[in-house]
Protein chains: 2
Amino acid sequence: MSEKITADHLEGFLGNRRLMEQLAFILEVEKLKTILRRTLLLDRSRVETDAEHTWQLALMAAVLAEHSSEPIDLLRVLKMLLIHDVVEIDAGDTFAYDAVARASQAERELLAADRIFALLPADQAAEFRALWDEFEEKRTSDARFANAMDRFQPLLHNFFTEGGTWHTAGVTEPDVVRRMEPIAIASGTLGDLTERLIALAVEQGFLAPRAEAEPRA
Amino acid sequence: MSEKITADHLEGFLGNRRLMEQLAFILEVEKLKTILRRTLLLDRSRVETDAEHTWQLALMAAVLAEHSSEPIDLLRVLKMLLIHDVVEIDAGDTFAYDAVARASQAERELLAADRIFALLPADQAAEFRALWDEFEEKRTSDARFANAMDRFQPLLHNFFTEGGTWHTAGVTEPDVVRRMEPIAIASGTLGDLTERLIALAVEQGFLAPRAEAEPRA
């Protein structure tokens, strides 16, 4: 039945065009529950879904907002986070440390954003698309804090699962340090913690330092 | 390692007590990803997790806020929704149409709330606990709208999976009508849609009318 859930179809038997467009969007983005990420649950039983990841980022933003170095509007941050990954319904989850996949990621995600936000009534399509663009561009304090949550969450999971996706071939400390840069930009406090967690991860063998991973001459 | 993630443990190697309490809470409630609900995904591949359900309610609240019959503070609604189910980490998911389990639900959930919110720094523990109590009591417009989302989401899923949990033995139209009452209280528009969806569900055989389920004399 999933193929049939368009606003046209819904309007046919339920009426109220505006509400049906909102419903079509809600039912479409529900697919975030079927998109798997690389990040392990803390109990290591499986990887998380995009929907679960998204909930956790929103929760973290609500709990950690006070650590933002700049003033933020938490409602905007939450809305931004709630929709930040919906493009992965079409574009898939791109592994943070997969350079090949990341090269085509931006283009795939733009096409997805064009399709998915357009399901909403025009005013809301514009609002949520603008929030998604803002998240991607990282130029406002709200976007910087939202992005910090998006980096900090997998860091926590990798640390507390003794390495997690850091054990992927070729991933070393400098990659992780670079990937986590947005955290310190948004929050000095969380940036300090990130630095400490990365150092501990290397110390405990959860993450390879550069030297070990490089081929010996 | 999950057993060790307490603020005491974290403070020991990371310092910053307040941040460690926040982290202990975040890592504890991550278990919402492991609590299964009865509601099917729209593609019917499996049931959803509490974390996925929670994300979807927050997203729905952000998209549907304009339909609230009373003024609401969307930020409060979102915070309330983000934590409304964390008690299920201890108390489990109680099936909406299981009268026996529901009898002991309130007590189990109160104990869980006492334990889980207390992981946070005292000021945040008080804030989030008050939001959880408010959600449970349904006495404010914010709580009424949040509860409406919590009822409307499984209704949508049951309808668009041709019945879903409504096919459980003994569940009939009057049970669903009663269960969905909070929707119309919070939103006339969503209440009308709910009524229409229930009528269509009966018409299409997704939901048993009372007569069919009652034993014949």
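The values are calculated or read from the model by the stated rules, or taken from the named source; none is laboratory data. Just so it is clear, the structure is predicted and the values come from calculations on it, not from any experiment. All Cβ positions, glycine included, derive from the backbone under ideal geometry; neighbour counts span all protein chains shown.
Scan region A:94-125 for residues that are more than 11 Å from chain B (Cβ to nearest Cβ), surrounded by fewer than 18 Cβ atoms within 10 Å (Cβ to Cβ) and charged (D, E, K, R) and jot them down.
Those that are more than 11 Å from chain B (Cβ to nearest Cβ), surrounded by fewer than 18 Cβ atoms within 10 Å (Cβ to Cβ) and charged (D, E, K, R): A:Asp98, A:Arg102, A:Glu107, A:Arg108, A:Asp114, A:Arg115.
Condition check: crowded, with 21+ Cβ neighbours inside 10 Å, within 10 Å of chain A (Cβ to nearest Cβ), among the polar types (S, T, N, Q) and under 21 Å from the mean Cα position of the chain (by Cα). Does B:Thr39 satisfy that?
no
A:Thr34 fails exactly one of the following numbered conditions: (1) at the interface with another protein chain (Cβ under 7 Å from one of its Cβ atoms); (2) within 30 Å of A:Arg139 (Cβ to Cβ); (3) β-branched (Val, Ile, Thr). What is the number of that condition?
(2)
Can you go through A:Thr39, A:Thr6, A:Thr54 and tell me which one is in contact with a strand residue (DSSP E or B) (Cβ under 9 Å, 6 or more places away or on another chain) and of a type in the set (Ser, Thr, Tyr)?
A:Thr39
Residues being within 24 Å of B:Arg46 (Cα to Cα) and either among the hydroxyl-bearing types (Ser, Thr, Tyr) or surrounded by fewer than 22 Cβ atoms within 10 Å (Cβ to Cβ) (or both): count how many of those fall in region A:11-34.
Counting residues in region A:11-34 that are within 24 Å of B:Arg46 (Cα to Cα) and either among the hydroxyl-bearing types (Ser, Thr, Tyr) or surrounded by fewer than 22 Cβ atoms within 10 Å (Cβ to Cβ) (or both) gives 6.
Answer with yes or no whether B:Glu173 is charged (D, E, K, R), modelled with pLDDT of 95 or more and surrounded by fewer than 21 Cβ atoms within 10 Å (Cβ to Cβ). Break it down stepwise before answering.
Working: charged (D, E, K, R): yes; modelled with pLDDT of 95 or more: yes; surrounded by fewer than 21 Cβ atoms within 10 Å (Cβ to Cβ): yes.
So B:Glu173 passes the test.
Only residues that are touching a His at 6+ places or on another chain (Cβ under 8 Å) and buried (at least 23 other Cβ atoms within 10 Å of the Cβ): list them for region B:136-163, please.
Taking region B:136-163 first, the residues touching a His at 6+ places or on another chain (Cβ under 8 Å) are B:146, B:150, B:153.
If the condition is that a residue be touching a His at 6+ places or on another chain (Cβ under 8 Å) and buried (at least 23 other Cβ atoms within 10 Å of the Cβ), then B:Ala146 is the only one that fits.
Only residues that are closer than 26 Å to A:Arg18 by Cβ, polar (S, T, N, Q) and facing chain A (nearest Cβ under 10 Å): list them for region B:45-93, please.
Hits for region B:45-93 are B:Thr54, B:Gln56.
Can you list residue pairs whose Cβ atoms sit under 6 Å apart, with the first residue in region A:83-100 being within 22 Å of B:Thr54 (Cα to Cα) and the second being part of a loop (DSSP other than H, G, I, E, B) and of a type in the set (A, V, I, L, M)? Count only pairs 6 or more apart in sequence or on different chains.
Listed pairs, sorted by first residue: A:Glu88/A:Ile35; A:Asp93/A:Ile35.
Looking only at region B:162-172, how many residues end up being touching a residue at least 60 places away in the same chain (Cβ under 8 Å) and in contact with a helix residue (DSSP H, G or I) (Cβ under 9 Å, 6 or more places away or on another chain)?
Result for region B:162-172: 4.
Matching residues to (1) out of contact with any helix residue (DSSP H, G or I) (no Cβ under 7 Å at 6 or more places or on another chain); (2) in contact (Cβ under 8 Å) with a residue 40 or more places away in the chain; (3) within 21 Å of A:Asn16 (Cα to Cα):
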{"site": "B:Asn147", "(1), (2), (3)": "no, no, no"}
{"site": "B:Phe160", "(1), (2), (3)": "no, yes, yes"}
{"site": "B:Pro174", "(1), (2), (3)": "no, no, no"}
{"site": "B:Ile185", "(1), (2), (3)": "no, yes, yes"}
{"site": "B:Gly191", "(1), (2), (3)": "no, no, yes"}
{"site": "B:Leu197", "(1), (2), (3)": "no, yes, yes"}
{"site": "B:Ala201", "(1), (2), (3)": "no, yes, yes"}
{"site": "B:Leu207", "(1), (2), (3)": "no, yes, no"}
{"site": "B:Arg210", "(1), (2), (3)": "no, no, no"}
